[in-house]
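Right, one structure below, let's go through it.
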Amino acid sequence: MTLINVLVVDDSAFMRKMISEILTEDGRFQVVGTAVHGLDGVNKVKRLRPDVITMDVQMPKLDGLEALKQIMDECPTPVVMLSSETRKGAEQTIQAISTGAVDFITKPSGAISLDIKTVEKEICNKVYTAAAVKVHKKINNAEKHVPIEHIKQPISLPERPSPTSKRFVAIGTSTGGPRALQEVITALPKDLRAPVAVVQHMPPGFTASLSERLNQISKVTVKEAEHGELMKKGTVYIAPGGYHMEVKSSGVALIVSLNQEPADNGHRPSVNTLFRSLCALKNYQIITCVLTGMGNDGTLGLKELKKANPHVLSIAETEETAIVYGMPKSIINEGLADYQVPLNQMASQLSNLVD
């Protein structure tokens, strides 16, 4: 078995030692070097050419964000960021993911030894997944143009409801999602004729930073969803980390419903939970969209939704643009995707289906 070469970049000697031991003991990795700050990391990436980098966000001389930018410009390599649970740490992590990092890991608070097993599994899984990601200079799927004719759809589509029917959009994503959401949501028109619900697998605190960042650069309004609020057209509601998000109807209005029921297949928020909640919506054209992500969250929920509502149109991101093809591939393999759409065409496809 060929080992995955990893460079560990962290200003904490303790963290460098712990991460190196965790990866080495896993058996799939070889730590080819460590770096004590961002500048040291950039220099060692050029010299050692690792397959994956773990990168602390906050470091002296050159922080993780600046080091990431240099690495992506000069020697593109999959990077997994390590972040604190602070608000600043969350903001920096979202910026790092948008810049080109594949994923992130939240450092345990307090004594790391108390949470070592949880951290160990997460580090190994995310580093292993990152190793399979192909990165390029200035990672941006918008720059990777895929022609419109690459949109794939079956011969027959679900029947469209009457033009007076209301529209609703539901998006699910995981690994690589923040960058994909940035490309899609920032391209949606301000007058979009539907509310948009988004489930992005993220821990508490990070979804607030993601929402704020997207709201600053989008024409539509983007916000972290709040329990009991009315859903409006042209607004994107992102499920808070640690909460399932459901959509309930109340007369002619739609309302956000949040809960902390057990995780669905390891996820809370869960795409399955969101999709299942839409089964009760009547006289709605529902458009679902599954973007990059590991696993199959969303598949079972979409199966139930399509049985309950004949007007569901489902989109899955194509393999050409998906950072991790797991979630879209599951939708496609189950025959649930009415359209297979590259990321650079996703916003226009959503807009066309909503109109």
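For residue 34, which of the numbered conditions (1) open to solvent by 10 Å² or more (accessible area, probe 1.4 Å); (2) farther than 22 Å from residue 213 by Cβ; (3) in contact (Cβ under 8 Å) with a residue 60 or more places away in the chain fails to hold?
All conditions are met except number (3).
Here is a list of conditions, (1) open to solvent by 10 Å² or more (accessible area, probe 1.4 Å); (2) aliphatic (A, V, I, L, M); (3) over 22 Å from residue 225 (Cβ atoms); (4) more than 20 Å from the chain's Cα centre (by Cα), and residue 252 meets all of them except one; can you say which number that is?
Unmet for residue 252, out of (1) open to solvent by 10 Å² or more (accessible area, probe 1.4 Å); (2) aliphatic (A, V, I, L, M); (3) over 22 Å from residue 225 (Cβ atoms); (4) more than 20 Å from the chain's Cα centre (by Cα): (3).
In the range 186-221, how many residues are open to solvent by 50 Å² or more (accessible area, probe 1.4 Å), farther than 14 Å from residue 94 by Cα, touching a helix residue (DSSP H, G or I) at 6+ places or on another chain (Cβ under 9 Å) and in contact (Cβ under 8 Å) with a residue 40 or more places away in the chain?
So the count comes out to 2.
What are the residue pairs meeting all of these: first residue in the range 222-233, first residue more than 15 Å from residue 259 (Cβ to Cβ) and open to solvent by less than 100 Å² (accessible area, probe 1.4 Å), second residue of a type in the set (Ser, Thr, Tyr) and not in a loop (DSSP other than H, G, I, E, B), Cβ atoms under 6 Å, and 6 or more apart or on different chains?
Close Cβ pairs satisfying both conditions: 222/211; 223/211; 224/207; 224/211.
Are any of the residues in the range 317-325 touching a strand residue (DSSP E or B) at 6+ places or on another chain (Cβ under 6 Å) and not β-branched (Val, Ile, Thr)? Walk me through how you get there before you give the answer.
If we filter the range 317-325 for residues that are touching a strand residue (DSSP E or B) at 6+ places or on another chain (Cβ under 6 Å), which is where we start, we get 318.
Filter once more, keeping what is not β-branched (Val, Ile, Thr): none.
No, the range 317-325 has no match at all.
Can you pull out every residue in the range 37-53 that is more than 27 Å from the chain's Cα centre (by Cα) and in contact (Cβ under 8 Å) with a residue 40 or more places away in the chain?
Once the filter is applied, which keeps residues that are more than 27 Å from the chain's Cα centre (by Cα) and in contact (Cβ under 8 Å) with a residue 40 or more places away in the chain, the range 37-53 yields only 48.
So which residues in the range 60-81 are closer than 13 Å to residue 92 by Cβ and in contact with an Asp or Glu (Cβ under 8 Å, 6 or more places away or on another chain)?
Residues satisfying the conditions are 64, 81.
Taking only the range 273-285 into account, find how many residues are in contact with a strand residue (DSSP E or B) (Cβ under 7 Å, 6 or more places away or on another chain) and farther than 18 Å from residue 196 by Cβ. Show your work before the answer.
Filtering the range 273-285 down to residues in contact with a strand residue (DSSP E or B) (Cβ under 7 Å, 6 or more places away or on another chain) leaves 273-275, 277-278, 280-281, 283-285.
Now narrow it down to the ones that are farther than 18 Å from residue 196 by Cβ: 280, 283.
So the count comes out to 2.
The values are calculated or read from the model by the stated rules, or taken from the named source; none is laboratory data. Note that the structure is a prediction, hence the values are computed from the model and not measured. Using ideal geometry, Cβ is built from the backbone for each residue, glycine included, and neighbour counts are taken over all protein chains shown. Ligands, DNA and RNA are excluded from the accessible area calculation, which covers all protein heavy atoms including side chains. Shrake-Rupley method; radii C 1.70, N 1.55, O 1.52, S 1.80 Å.
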